[in-house]
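Comments concern the structure below.
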Amino acid sequence: MSESIEILLRLIVNCSDMLALSLSSILFVHHVLHWKVQKIRSTISYMAAVSLIGATGMTAITMCAQQKHDTDTIAFIDELILPLFFLLIWIILLVRIEGRVWKRAIVAWIAIGIIAAVCSRFGYLPGYIDSHLEHPLPAALFHVSASAL
């Protein structure tokens with residue numbers, strides 16, 4: 001498979017993971033916890049933009065590190081970009097939820113924590129199947145469909 005297709009598949013997988021996490025957080029706060037989210041459509045747009053930027057950065061840096069066979073950089077990226085992504089999502093939710101500031105902070109933190117815990121429980125399955133598949137296209141499709149759940 002060509003390198004450009006592999007980069008595109010990795011971008012799609014990263015973007016779908018980040019987008020699913022951020023949109024699930026908004027919907028969890030709004031529909032399950034029953035906290036009003038101001039201008040929910042624009043909040044979804046902000047989350048989508050942050051997800052796309054984070055996925056693009058993560059994909060670009062990971063691909064550069066893979067070309068150099070630098071596993072330390074890949075681990076550093078995962079340990080740096082994901083917490084920054086969670087922080088940005090938390091700030092967006094903090095600003096967009098109605099109510100007192102300290103309550104909004106707690107609700108946003110709990111919502112992101114619950115959604116991240118659920119995503120991490122299902123996150124091992126695509127990696128396991130990916131390690132047993134020889135072709136990257138079915139693995140990428142499986143990653144995208146798993147993040148949509």
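The values are calculated or read from the model by the stated rules, or taken from the named source; none is laboratory data. A quick note: this is a predicted structure, and the numbers were derived from the prediction, not measured. Cβ atoms come from the backbone with ideal geometry, glycine included; neighbour counts cover every protein chain shown. In case anyone asks, the SASA skips ligands and DNA or RNA and just uses the protein heavy atoms, side chains included. Shrake-Rupley method; radii C 1.70, N 1.55, O 1.52, S 1.80 Å.
Computed packing ranks the peptides 42-51, 79-88 as 42-51, 79-88, most packed first, by mean other Cβ atoms within 10 Å. Accessible surface area normalised per residue over the stretch 8-48 is 54 Å², counting heavy atoms of protein chains with a 1.4 Å rolling probe. Within the same chain, lysines fewer than 8 places from residue 103 are excluded, and of the rest, those with a Cα less than 20 Å from its Cα are 36, 39. Here the accessible area of the stretch 1-114 is 70 percent carbon and sulfur, with a 1.4 angstrom probe and all protein chains present.
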